[in-house]
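Participant: Provided herewith is a single structure, encoded as structure tokens, for subsequent inquiry.
The values are calculated or read from the model by the stated rules, or taken from the named source; none is laboratory data. Since this is a predicted model, take the numbers as computed values, not measurements. Every residue, glycine as well, gets a Cβ built from its backbone with ideal geometry; the counts of neighbours run over all protein chains shown. Accessible surface is based on the protein model in full, side chains and every heavy atom, while ligands, DNA and RNA are left aside. Shrake-Rupley method; radii C 1.70, N 1.55, O 1.52, S 1.80 Å.
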Amino acid sequence: MTEPLIYELSSPGRKGVSLPAVDVPETTLPEGLVRVELPLPEVAENDVVRHFMRLSQLNYSVDTGFYPLGSCTMKYNPKVNEDMARLPGFALTHPLQDPDTAQGNLAMMYALQDWLMEIGGFAGVSLQPAAGAHGEMTGILIIRAYHHDRGDKGRNKILIPDSAHGTNPASTTMSGMDVIEIPSDARGNIDLDELKKHCDESVAGLMLTNPNTLGLFEEHVQEVIDLVHGCGGLIYGDGANMNALLGVVRPGDLGIDVLHYNLHKTFSTPHGGGGPGSGPVGVAEKLVDFLPDPVVGIVDEGDEDKPPLYGLITPVKSIGRVKAFHGHFGVILRAYTYMRMLGKSGLRAVSDYAVLNANYLLAKLRDTYKVPFDRICMHEFVAEGHWDDAPDIHALDIAKRLMDYGFHPPTNYFPLIVPEALMIEPTETESKESLDVFIEAMLAIAKEAREDPDTLKSAPHKTLFGRMDEVQAARQLVLCCRPSYLDKPDNK
Amino acid sequence: MTYIPHTDKDRQEMLAVVGVDRLDDLYEAIPENVRFPDLNLPDPISEMEVTQELQALSEANLEVFHTSCFLGAGAYNHFIPSVVDHTLRRNEFYTAYTPYQPEISQGTLQATFEYQSLMAQLTGMDVSNASHYDGATALAEAVILALNHHRGKRNKIVISPAIHPHYRQVVRTYTQGMGLTITGDEKCETEPKDLVKMLDEDTALVTVQYPDFFGNITDLSALGEAAQASGALFCVVINPLALGMLVPPGDFGADIVVGDGQPLGISLSYGGPTVGIFTTKDKYVRKMAGRLVGETVDSRGQRGYVLTLTPREQHIRRDKATSNICTNQGLMALASAVYLSVMGKQGLRRVAELCYHKAHYAAERIDALKGFTLWNKHPFFHEFVIKCPRPVAEINERLLEWDILGGYDLGQEYPDLKDHMLVAVTEVIAKEEIDDLVAALEEVSND
Amino acid sequence: MEYPKDLKYTESDEWVRVEGKISTTGISDYAQDQLSDIVYVETNPPVGESLQKGETHSAVESVKAAADVNMPISGVITEINENLADTPELVNTDPYGEAWMVKFEISDPSELDGLMDAAAYEKFNKEREH
């Protein structure tokens, strides 16, 4: 089923596109600066279409089937979002045109900032961060700037629970802060006694994922927040799991000071095979002045005859720009479309049914798969993909076997605090029927693990590709198709 | 309910299996005093209504199809072949996640491998990653790579003032907690040769833009050699489309090449999403942040692709990772790969030359106008600077009456360049539109 | 699992062999087994650099994990195993022999007293598996 590389389809002299003739007098090209070789493929338009069409068919996607990838919120991506983002009045606007001529864009962005503030319980929102991890770094820089502005420069520690996503410590280090890991207790919550040991005047903040990566709402959330606030630190909320909280609880009301949203998880924008995402950041009143430059604001309130005039505003103590221009506008617009359609009641229903679906799966699977922290979960839960009476079977084998049953596997080996983790997040857009078929597959695989383990160990069998040799990929790095590559006979 | 398929019967059955009576009972772990806030949000509307609302909102914008767009400054209005968006609309591409399961993600993986190959060859470098968020964040990651390469022992970054102002601001934002000295961009007229003097044994990285923010193209070999002699890494910020005709930075001894891929088949979309290009030499590959796709074989002996060198990344290395980035700009990288494939060797060269010739025609005609002077002292690509007889904002406001979106007002970011306009001319601008611009400028200056 | 008796071990899975003034160090059989297929080894400090006990001299990567390798005791680097860059799999096949990582001159011999012998290290590994 191997598809040739686009370079392998190339024939000298073939063209893929027609372009106009030069309609102005020609100018001499700059001497000494013109390249001789331009090693790009030469293919026809039809070649390009078929090539990428066939590649697409090698992918599994949300539009192919059930995709219960924990912590990624692989919900259905509404098609209307795609059309709205391509309306010429939006898609053909230039980021540096006078804001007075981009009032449609700015009005939309202003409304989205407003809704995100309302949902999160915050006083300000920046739409600029490009992804969740980018939002995290932005948030940590805001916390740092806040302490520095108060002359409190000795706060250099960020406390991070051991169940946190790896981006949390990485974002902290990038922001020039030190990471202190806090262990979990027996019920999957942050260990309060351990936390107390670290709460002192060197703490800048704590990064809280709530619901945590086990899919559990922190039972001592108020104590955790009070302890950190008590020693002068701020709380950073990882909003990766907001899909459980829409209209249920506002992170700001809990005392969270900064939080990033993932528009590509909670608000239905497509994941695009790994981006583009969007990671807006919401902040409490005392942090509004530190938001990235710029935010969308009202520069003239207007009146009955005149609509308000929107503009781009630099917050007075801004940490600076975190990317060029104004964020992932096209992604922001998709999220706006979704939120506008669902409205207040629709957004609450998202969380209700996301949580119901997860608990239904948990109830149906807990007798077969060990669930280490078994209580009512939020929008996802973590099971163990390992049994004492099938010692050779690992989470990876279960994941690979699920592909044969036509599913995308759950997240495996995360969170690190659960051995052989299978992290399952169904989302609200899956019907009961689709969950039931998945449950049957999971139960069948548990049976196969005992009766026919070899089938699991060598899975998948029905996919177009088998397991990849990752060791070869890493030891004999081939990261790029070069001319010499095409000369090798076995690559022709 | 929109996008939620459950019937009342489904809900009842499922609640019974879970063992609770009502949906509200699922939330008992949440403190009661903050549970179920009454949110001030609009009521739901239908798909038909939302399209009407957004159509109306979009019409409140000025867009570049109905105007002649001479505004560039890092975002350019280029022709995009239909093939590009047809590919982006393939559901299997845009609704897939990061390709963690290679058996069922070969489409994304191979397309990304092709993107990496195309970018490495276009920039004249050994390897490319799977992309960063945009050109600005790619430059910030280049700075971090250089700091890591020198193991924290060099703390100075030399940066040209002719790098996009937003990019320089993003570098400063990213590194504000690292105690660096960032210098070189204090005066707008500082050229690459002037940066040579600033290199010393504390310099981790020197970086310039090519073509630079003012459109200039200059031979960077001397700076490349000076960087190497001082031990600093040399990073070049590029416009990938210009490399359709220009000598690639690899030939100037660049260690890292970054840039924004927007000119390669990505719509303006008010500045995002785009794709951040990052290419480098083999020897820095393990210090390069971001996703990487590598070639291998599967259990059946077929050629296949996987994410590789993942232990550098945040989900394994956590606080010791090369960066916190965990996605790339998958779909935007795909757009660039499709664009470069369909344009090909001849098409990309042609687009670059069309831009070049049209820009030079425009520059020559405007320079001939009384009161307007071409500021560039070097060859330029498709952007140039014009010193104007009046404030740029005033001129641009008048140009709108001619359905012309004027150039970028450089005085906003460069106080020394008050009344200087940065004009971009791409292949979509016809000769008549340039002639109209010239006529309009002449009229505006005579007011 | 091998635990050569002539070596001393650290809790972070490095071994050290003392031969006169020069010592050799690498990672243990247990560590390579935990990491699985090693795909990359990189040693950073140049010959002549003085490192404290616990400071990182190398990084090893497998396809699913990465680990820093630290100095078991303080010393000055005298030699680096250049072979590992091209043949990282030696760490899997011969962790105590061909896959040595650095040789160094011991700064403070008394630091050796703080390390485990083979029996103690074996016991330490058995205990942490539970």
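Participant: Being of a type outside the set (A, V, I, L, M), under 18 Å from A:Gly124 (Cα atoms) and surrounded by 24 or more Cβ atoms within 10 Å (Cβ to Cβ) is the filter here; which residues of segment A:255-268 pass it?
Facilitator: Filtering segment A:255-268 down to residues of a type outside the set (A, V, I, L, M) leaves A:255, A:257, A:260-262, A:264-268.
Narrowing the set further to residues that are under 18 Å from A:Gly124 (Cα atoms) leaves A:255, A:257, A:260-262.
Residues satisfying the conditions are A:Asp257, A:His260, A:Tyr261, A:Asn262.
Participant: Filter segment A:169-203 down to the residues that are at the interface with another protein chain (Cβ under 7 Å from one of its Cβ atoms) and β-branched (Val, Ile, Thr), then identify the one that is farthest from B:Met178 (Cα to Cα).
Facilitator: Filtering segment A:169-203 for residues that are at the interface with another protein chain (Cβ under 7 Å from one of its Cβ atoms) and β-branched (Val, Ile, Thr), the one farthest from B:Met178 (Cα to Cα) comes out as A:Val179.
Participant: If you don't mind, another one. Given the residues B:Thr203, B:Thr207, B:Thr175, which is the only one that is within 12 Å of chain A (Cβ to nearest Cβ) and in contact (Cβ under 8 Å) with a residue 12 or more places away in the chain? Give the derivation first.
Facilitator: Numbers: B:Thr203 fails: within 12 Å of chain A (Cβ to nearest Cβ); B:Thr207 fails: within 12 Å of chain A (Cβ to nearest Cβ).
It is B:Thr175.
Participant: Same structure, new question: Please indicate, with yes or no, whether at least one residue in segment A:236-254 is away from chain B (no Cβ under 14 Å) and surrounded by fewer than 23 Cβ atoms within 10 Å (Cβ to Cβ). So that I can check it myself, show each step before the final result.
Facilitator: Of all residues in segment A:236-254, those away from chain B (no Cβ under 14 Å) come to A:239.
Imposing the further condition that a residue be surrounded by fewer than 23 Cβ atoms within 10 Å (Cβ to Cβ) reduces the set to none.
No, segment A:236-254 has no match at all.
Participant: Could you tell me whether A:Ala473 is open to solvent by less than 40 Å² (accessible area, probe 1.4 Å), outside any loop (DSSP other than H, G, I, E, B) and within 7 Å of chain B (Cβ to nearest Cβ)?
Facilitator: Values: open to solvent by less than 40 Å² (accessible area, probe 1.4 Å): yes; outside any loop (DSSP other than H, G, I, E, B): yes; within 7 Å of chain B (Cβ to nearest Cβ): yes.
Against the criterion (open to solvent by less than 40 Å² (accessible area, probe 1.4 Å), outside any loop (DSSP other than H, G, I, E, B) and within 7 Å of chain B (Cβ to nearest Cβ)), A:Ala473 qualifies.
Participant: C:Ala59 - would you say it is part of a loop (DSSP other than H, G, I, E, B), small (Gly, Ala, Ser) and open to solvent by less than 70 Å² (accessible area, probe 1.4 Å)? Reasoning before the result, please.
Facilitator: Working: part of a loop (DSSP other than H, G, I, E, B): no; small (Gly, Ala, Ser): yes; open to solvent by less than 70 Å² (accessible area, probe 1.4 Å): yes.
The answer is no for C:Ala59.
Participant: Restricting to segment A:1-18, name every residue that is of a type outside the set (Lys, Arg), surrounded by 17 or more Cβ atoms within 10 Å (Cβ to Cβ) and not in a helix (DSSP H, G or I). Write out each step before concluding.
Facilitator: Residues of segment A:1-18 that are of a type outside the set (Lys, Arg), as a first pass: A:1-13, A:16-18.
Of the ones still in play, those that are also surrounded by 17 or more Cβ atoms within 10 Å (Cβ to Cβ) are A:3, A:5-7, A:9-10, A:16-17.
Selection gives A:Glu3, A:Leu5, A:Ser10, A:Gly16, A:Val17.
Participant: Give the number of residues within segment A:386-405 that are open to solvent by 40 Å² or more (accessible area, probe 1.4 Å) and under 24 Å from the mean Cα position of the chain (by Cα).
Facilitator: Taking segment A:386-405 and keeping what is open to solvent by 40 Å² or more (accessible area, probe 1.4 Å), we get A:386, A:388-389, A:391-392, A:394, A:396, A:405.
Okay, now just the ones that are also under 24 Å from the mean Cα position of the chain (by Cα), so A:396.
Going through segment A:386-405 one residue at a time, the tally reaches 1.
Participant: I want to confirm something. Restricting to segment A:25-53 and keeping residues that are closer than 22 Å to B:Ile104 by Cβ and facing another protein chain (nearest Cβ under 8 Å), which single residue is surrounded by the most Cβ atoms within 10 Å (Cβ to Cβ)? So that I can check it myself, show each step before the final result.
Facilitator: Of segment A:25-53, the ones closer than 22 Å to B:Ile104 by Cβ are A:50-53.
Filter again for facing another protein chain (nearest Cβ under 8 Å), leaving A:51-53.
Working: A:His51: 24, A:Phe52: 28, A:Met53: 15.
In this case the residue turns out to be A:Phe52.
Residue-by-condition table, conditions (1) facing chain A (nearest Cβ under 7 Å); (2) open to solvent by 10 Å² or more (accessible area, probe 1.4 Å):
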position: B:Thr327; (1), (2): yes, yes
position: B:Met332; (1), (2): yes, yes
position: B:Ala337; (1), (2): no, no
position: B:Leu340; (1), (2): yes, no
position: B:Lys345; (1), (2): yes, yes
position: B:Val351; (1), (2): yes, no
position: B:His360; (1), (2): yes, yes
position: B:Ala363; (1), (2): no, no
position: B:Gly371; (1), (2): no, yes
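Participant: Now for a separate question. With a cut-off of at least 3 residues that are assigned by TED's automatic domain parsing to the domain that holds B:Ala136 and more than 30 Å from B:Leu340 (Cβ to Cβ), name the helices (runs of 4 or more DSSP H) lying wholly within segment B:153-240.
Facilitator: On the way: elements: B:165-174, B:192-196, B:221-230.
The qualifying helices (runs of 4 or more DSSP H) are B:192-196, B:221-230.
Participant: Sticking with this structure for a sec: So in segment A:304-333, with the set limited to residues that are of a type in the set (Ser, Thr, Tyr) and part of a loop (DSSP other than H, G, I, E, B), which one is most open to solvent (accessible area, probe 1.4 Å)? Full working, then the answer.
Facilitator: Of segment A:304-333, the ones of a type in the set (Ser, Thr, Tyr) are A:310, A:314, A:318.
Retained after the next criterion (residues that are part of a loop (DSSP other than H, G, I, E, B)): A:314, A:318.
Working: A:Thr314: 82, A:Ser318: 32 Å².
It comes out as A:Thr314.
Participant: Still on this structure: Any residue in segment C:81-100 that is more than 14 Å from C:Asp29 (Cβ to Cβ) and free of Cβ contacts under 8 Å to residues at least 60 places away in the same chain sitting within a Cβ distance under 6 Å of a residue that is open to solvent by 30 Å² or more (accessible area, probe 1.4 Å) and assigned to a loop (DSSP other than H, G, I, E, B)? List the pairs, counting only those 6 or more apart or interchain.
Facilitator: Qualifying pairs under 6 Å: C:Asn81/C:Trp100.
Participant: Looking at this structure, is A:Glu219 within 26 Å of A:Leu195 (Cβ to Cβ), open to solvent by 10 Å² or more (accessible area, probe 1.4 Å), without any contact (Cβ under 8 Å) to a residue 40 or more places away in the chain and in a loop (DSSP other than H, G, I, E, B)? Don't jump to the end; show me each part of the working.
Facilitator: Working: within 26 Å of A:Leu195 (Cβ to Cβ): yes; open to solvent by 10 Å² or more (accessible area, probe 1.4 Å): yes; without any contact (Cβ under 8 Å) to a residue 40 or more places away in the chain: yes; in a loop (DSSP other than H, G, I, E, B): yes.
For A:Glu219, the condition - within 26 Å of A:Leu195 (Cβ to Cβ), open to solvent by 10 Å² or more (accessible area, probe 1.4 Å), without any contact (Cβ under 8 Å) to a residue 40 or more places away in the chain and in a loop (DSSP other than H, G, I, E, B) - is met.
Participant: Can you tell me which residues in segment B:141-155 are under 14 Å from B:Glu201 (Cα atoms) and more than 12 Å from every other protein chain (Cβ to nearest Cβ)?
Facilitator: B:Ala146, B:Arg154, B:Asn155
Participant: Looking at (1) within 27 Å of A:Pro129 (Cβ to Cβ); (2) facing chain A (nearest Cβ under 8 Å), which one does B:Ala120 not meet, given that it meets all the others?
Facilitator: (1)
Participant: Shifting gears a bit: I'd like to know if segment A:272-285 contains one or more residues that are farther than 28 Å from A:Phe325 by Cα and more than 20 Å from the chain's Cα centre (by Cα). Spell out how you get there, then give the answer.
Facilitator: First, pick out the residues of segment A:272-285 that are farther than 28 Å from A:Phe325 by Cα: none.
No, segment A:272-285 contains no residue that is farther than 28 Å from A:Phe325 by Cα and more than 20 Å from the chain's Cα centre (by Cα).
Participant: Can you go through B:Arg318, B:Arg291 and tell me which one is of a type in the set (D, E, K, R), in a loop (DSSP other than H, G, I, E, B) and assigned by TED's automatic domain parsing to the domain that holds B:Gly244?
Facilitator: Values: B:Arg318 fails: in a loop (DSSP other than H, G, I, E, B).
Sole residue among the options that is of a type in the set (D, E, K, R), in a loop (DSSP other than H, G, I, E, B) and assigned by TED's automatic domain parsing to the domain that holds B:Gly244: B:Arg291.
Participant: When you go through (1) within 7 Å of another protein chain (Cβ to nearest Cβ); (2) buried (at least 22 other Cβ atoms within 10 Å of the Cβ); (3) in contact (Cβ under 8 Å) with a residue 60 or more places away in the chain; (4) within 24 Å of the chain's Cα centre (by Cα) one by one for B:Glu63, which number turns out not to apply?
Facilitator: (3)
Participant: Same structure again: Only one of (1) of a type outside the set (A, V, I, L, M, F, W, C); (2) surrounded by fewer than 22 Cβ atoms within 10 Å (Cβ to Cβ); (3) more than 7 Å from chain A (Cβ to nearest Cβ) is not met by B:Arg317, so which one is it?
Facilitator: If we test B:Arg317 against (1) of a type outside the set (A, V, I, L, M, F, W, C); (2) surrounded by fewer than 22 Cβ atoms within 10 Å (Cβ to Cβ); (3) more than 7 Å from chain A (Cβ to nearest Cβ), just (2) comes out false.
Participant: Evaluate segment A:93-111: report whether one residue or more is within 7 Å of chain B (Cβ to nearest Cβ), under 28 Å from the mean Cα position of the chain (by Cα) and open to solvent by 30 Å² or more (accessible area, probe 1.4 Å).
Facilitator: Yes, there is a match, as at least one residue in segment A:93-111 is within 7 Å of chain B (Cβ to nearest Cβ), under 28 Å from the mean Cα position of the chain (by Cα) and open to solvent by 30 Å² or more (accessible area, probe 1.4 Å).
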